[in-house]
Amino acid sequence: MELTYLGHSCFLLDTGAHRLIFDPFLSGNPKATVAPDDITCDYVLVTHGHGDHMGDAVAIARNNDATIISNNEVAVYCGQQGVSVHPMHIGGAWNFPFGRVKLTIAHHGAGIETDDGLIYLGNPTGMLVTTGGRTIYHAGDTGLFLDMKLIGEMHPIDVALLPTGDNFTMGVDDAAKAVEFLQPKIAVPMHYGTFDLIDTDPLAFAEKAGVHGARIEVMPVDATITI
Ligand code: NI
Ligand code: MN
């Protein structure tokens, strides 16, 4: 199957039978080259209710008659806008037609500014997706946490997508420690370089994380790897 990086924390996973997009922040992302209207997918996975993750989720779901998978609060919020949603929460898993999704903890926040003030959108999450014999862990936005060891022990990870941008999430050193905890086969940095506040060096991550046995893939925007 193929995994394509669309910038920030947005990835498109094509299993051959299904297409899943994670955290589709395309409109307003200075590094994205793909427009929301160009996305074809069956499911939209949203790790948490921040604009740079929820992004174009509703528009993409509407265009594709796709289902948004997220925590309950984000799912209710998106569902109120008339799209199909599947609410979940941390610790829970569900078998979808493409495979299994389990939500994990993430240490972060969530909420968006609207004309009616700040809307709180529940606990942020990470997502474990098991499909076609592969397990992909999208960490969402999070600080480092020791339970990553448990996540790696219980769910052998083929690909870990880890924020490395610092300031709002793990930086390079903590993300390298996350690779040690998770023991993935492949680790991919994300959530860096989009804005000045998160302008860390992915090659520094590759150097520090590379000692822990994983293959580190620094994916340019629009790059695809076969997993
Ligand atoms: Ni966030
Ligand atoms: Mn973010």
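Among residues of segment 8-20 that are charged (D, E, K, R), those with a beta-carbon under 7 Å from a residue that is part of a strand (DSSP E or B) and open to solvent by 40 Å² or more (accessible area, probe 1.4 Å) at least six positions away or on a different chain give the pairs D14/E2. The residue that is nearest to E180 (Cα to Cα), among those in segment 190-214 that are open to solvent by 80 Å² or more (accessible area, probe 1.4 Å) and within 16 Å of ligand 1 (Cβ to nearest atom), is L197. For the subset of segment 47-60 comprising residues that are open to solvent by 10 Å² or more (accessible area, probe 1.4 Å) and under 18 Å from P163 (Cβ atoms), which member is farthest from ligand 1 (Cβ to nearest atom)? So the residue we want is G55.
Remark: L161 matches the filter, which requires a residue to be touching a His at 6+ places or on another chain (Cβ under 9 Å) and within 16 Å of ligand 1 (Cβ to nearest atom).
Screening segment 174-191 for residues that are of a type outside the set (A, V, I, L, M, F, W, C) and within 16 Å of ligand 2 (Cβ to nearest atom) and picking the one that is farthest from the chain's Cα centre (by Cα) gives D174.
Exactly one residue among T114, T15 is of a type in the set (S, T, Y), more than 21 Å from P156 (Cα to Cα) and either open to solvent by 20 Å² or more (accessible area, probe 1.4 Å) or away from ligand 1 (no atom under 16 Å from the Cβ) (or both), and that residue is T114. Looking at segment 133-153, which of the residues that are of a type outside the set (F, W, Y) and in contact with a Gly (Cβ under 7 Å, 6 or more places away or on another chain) is nearest to ligand 2 (Cβ to nearest atom)? Among them, the one singled out is G140. Set side by side, the residues V44, V101 differ, and just one is in a strand (DSSP E or B), open to solvent by less than 10 Å² (accessible area, probe 1.4 Å), within 18 Å of M190 (Cβ to Cβ) and touching a strand residue (DSSP E or B) at 6+ places or on another chain (Cβ under 9 Å), which is V44.
The values are calculated or read from the model by the stated rules, or taken from the named source; none is laboratory data. Computed from a predicted model, the values in this text were never measured in an experiment. Please note: Cβ atoms are built from the backbone with ideal geometry, for glycine as well, and neighbour counts cover all protein chains shown. SASA here: full protein model, heavy atoms, side chains in, ligands and nucleic acids out. Shrake-Rupley method; radii C 1.70, N 1.55, O 1.52, S 1.80 Å.
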